[in-house]
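The values are calculated or read from the model by the stated rules, or taken from the named source; none is laboratory data. In this text, all values refer to a predicted model and were calculated from it rather than measured experimentally. Cβ: placed from backbone, ideal geometry, glycine included. Neighbour counts: every protein chain shown.
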Amino acid sequence: MRRLFDPVLTDVLLATALTGLTTISLVTQSEGPPHWLASTLGFLSAAPVAFRQWAPFGTLVVIVSALGLYGLLGFGAWPNSGLGMVIGLFTVATLRSRAAAAAGFVLTLLVATIAYRTFPVPLTVPEILQYVLVMAVTWAVGDGTRRWALRAERAAAKTAEAVVEERVRIAREMHDIVTHHMSVISLQAGVAAYVLDTDPPTAKVAISTVGAASREALTEMRRLLDVLRIDHGEESLRPQPGLADLEELAARIRSAGLAVDISVTGRVRPLPAGPDLCAYRVVQESLTNVLQHAGPAAARVEVDYGELTLTVTITDDGTKTHEPVPSPDSHGIRGMRERAALYGGVLTAGRHESGFRVLLRLPIEESA
């Protein structure tokens, strides 16, 4: 959104208005034309406000020095009651550290103490206390504005970080969905083409599996992309998959030609949606890797519901050696590690006996 006010232009206009008021104040206070030095010091007590964004402390020093000399040279009360100094201290407290603001506050009090003793009419104690209170409030308001700006920046940074994390999560989801379903489709399409003339029933089953995998992939991708829409409407979406859907996943993998055995131990109980989806995606990605890299193989999925930890182990006995198995640092495995880390878990992957093993450990709530 375009800014309504340019800060630099605003400061220039403020300095112009303040300088004009200072000039009027000088003319009003003097019986004749003001002394040229008084006019110069009056100008320096207001015009530097135009530069307060670039050099806050330097601006305050120039204004305070001009006002101090104005009083020491016997020109009388400050023009505009030192409003430029108030603006300068506020700017330092807003844009600089507390130490700089404290130094500015002490400087204004010191110069005011020296200058006020030279005024034609000495200030009373209540007037001096009023000045101290005004400058203290100016410092406090400026410091509060600075802290509010810092909080706003931190909130904006957290929001940006959350957006990045959400994009990474969606990218992982898309990777898991596309990799798994496209692997199944590719394998089944190859089977259908191979047996189309010799075994039509098998080819028909393979083509049916291709259709089912395609529809499921589209459904999951549509559900995932719907997260990015502002208006979800009244569309009813299928819940995200979880460990309860492992048998369905295994059936789909078996139809693609990979023998899968699932073992569940411990007290089975519902898990939070995030860890549940994480465990499912790790199993899905691991079995997809077995399909792609292990050749003729069998896979075993072991799920153990511990008191404090969910342990998921996926192993295979793949014998295919002329193509590499997934590297422990491959994109898919790295994505699984990142997904596990989001929920405080740990994932390891590497060669195991004659095949490959993926081991996931996720913390879960203590059972009742």
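For the stretch 77-104, the set of residues classified as under 30 Å from residue 34 (Cα atoms), touching a Phe, Trp or Tyr at 6+ places or on another chain (Cβ under 7 Å) and part of a helix (DSSP H, G or I) consists of 89, 104, listed by residue number.
A single entry from 161, 153 fulfils the requirement of being among the acidic types (Asp, Glu), modelled with pLDDT of 75 or more and over 30 Å from residue 278 (Cβ atoms): 153.
Sub-9 Å Cβ pairs linking a first residue in the stretch 345-367 that is in a strand (DSSP E or B) to a second residue that is surrounded by 13 or more Cβ atoms within 10 Å (Cβ to Cβ) and among the aromatic types (Phe, Trp, Tyr), at least 6 apart or interchain, are 349/356; 350/356; 362/343; 363/343, ordered by first then second residue. Please tell me if residue 108 is modelled with pLDDT of 85 or more, surrounded by 15 or more Cβ atoms within 10 Å (Cβ to Cβ), under 46 Å from the mean Cα position of the chain (by Cα) and in a helix (DSSP H, G or I). Yes, satisfied. Within the stretch 111-137, the set of residues being under 16 Å from residue 79 (Cα atoms), at pLDDT below 70 and β-branched (Val, Ile, Thr) comprises 118, 121.
When residue 285 is tested against (1) buried (at least 16 other Cβ atoms within 10 Å of the Cβ); (2) over 39 Å from the mean Cα position of the chain (by Cα); (3) assigned to a helix (DSSP H, G or I), exactly one condition is not met: (2). Among the residues making up the stretch 49-65, those that are buried (at least 23 other Cβ atoms within 10 Å of the Cβ) and under 22 Å from residue 37 (Cβ atoms) are 49, 59, 60, 63, 64. If you check 27, 61 for being of a type outside the set (Lys, Arg), modelled with pLDDT of 85 or more and assigned to a helix (DSSP H, G or I), only one passes: 61. Candidates in the stretch 288-298 are the residues that are buried (at least 19 other Cβ atoms within 10 Å of the Cβ) and assigned to a loop (DSSP other than H, G, I, E, B); of these, the one that is modelled with the lowest pLDDT is 294. Looking at 137, 184, 191, just one residue is surrounded by 12 or more Cβ atoms within 10 Å (Cβ to Cβ), without any contact (Cβ under 8 Å) to a residue 60 or more places away in the chain and either in a helix (DSSP H, G or I) or not β-branched (Val, Ile, Thr) (or both), and that residue is 137.
The number of residues in the stretch 30-48 being among the small types (Gly, Ala, Ser) and loosely packed, with under 14 Cβ neighbours inside 10 Å comes to 1.
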